[in-house]
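The next block holds one structure in the form of structure tokens; read it before the comments.
The values are calculated or read from the model by the stated rules, or taken from the named source; none is laboratory data. In this text, all values refer to a predicted model and were calculated from it rather than measured experimentally. Glycine gets a Cβ as well: all are built from the backbone with ideal geometry, and neighbour counts include every protein chain shown.
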Amino acid sequence: MIRIVIAEDQGMLLGAMKSLLSMEEDIEVVGLAKNGEEAIELVEELQPDVCIMDIEMPVKTGLDAAEALRGSDCKIIILTTFARPGYFERARKAGVRGYLLKDSPIEELVNSIRIIVDGRRIYAPELVDFVYEDDSENPLTERESQVLELIAEGKTTKEIAAELFLAAGTVRNYISTILEKLGVGNRIEAIARYKEKGWNK
């Protein structure tokens, strides 16, 4: 019997997945979590074979939980609507065994669970394409990354200049270069893209 914990913050989807997976003769859903923190607790307490996790969850995301559970015997499957290369890269580094998209049919999920329990990995084809198409190297220099991280902390141009012993004009030039390199229009988008790509790790 394959013992499974499901972590999903949308109640209706959580219930539907439990019902559908429980119809399989060789699968037993032993725990349900509504956020990443609950997922970690349930995996440690129940020692399931598999934990299926959404990414965007409160308290701790699915990726945070996957990183926290790295090295455990439980095989982590990320099930998400987000086919983002940055998320996928983080998931791979966390040792996630499966990364599947929510628009896949339930039969595909069930089949993937069995394959992953047998010791193999399953990644959605769209994501594998992303890895080859996408240049996942951080285009920012160390100093540009430093400036962007300080922006993400909510610091003003003046505060960044003081902290890095630079002129305010130099910081503004760095910001212009960062926006251009990341192909975004403002600081908020720059921070989001940087985090999404997993470059802030």
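Points to keep in mind about this one:
- Members of region 149-201 found to be farther than 23 Å from Leu63 by Cα, surrounded by fewer than 17 Cβ atoms within 10 Å (Cβ to Cβ) and in contact (Cβ under 8 Å) with a residue 40 or more places away in the chain, listed by number: Lys181
- Scanning region 179-201 for residues that are part of a helix (DSSP H, G or I), more than 15 Å from Leu150 (Cβ to Cβ) and not aliphatic (A, V, I, L, M) turns up Glu180, Lys181, Glu189, Arg193, Glu196.
- Index of the failed condition, Glu126 passing every other in (1) of a type in the set (D, E, K, R); (2) over 30 Å from Asp73 (Cβ atoms); (3) at pLDDT below 90: (2)
- Residue in region 101-108 that is buried (at least 18 other Cβ atoms within 10 Å of the Cβ) and either in contact (Cβ under 8 Å) with a residue 12 or more places away in the chain or out of contact with any Leu (no Cβ under 8 Å at 6 or more places or on another chain) (or both) present: no
- Restricting attention to region 18-48, the residues being in contact (Cβ under 8 Å) with a residue 60 or more places away in the chain and in a helix (DSSP H, G or I) number 2.
- Of all residues in region 145-178, those satisfying the criterion of being of a type in the set (Gly, Ala, Ser) and in a helix (DSSP H, G or I) are Ser145, Ala152, Ala161, Ala162, Ala168, Gly169, Ser176.
- Checking each residue of region 28-47 against the condition of being surrounded by fewer than 15 Cβ atoms within 10 Å (Cβ to Cβ) and closer than 24 Å to Glu107 by Cβ gives at least one match.
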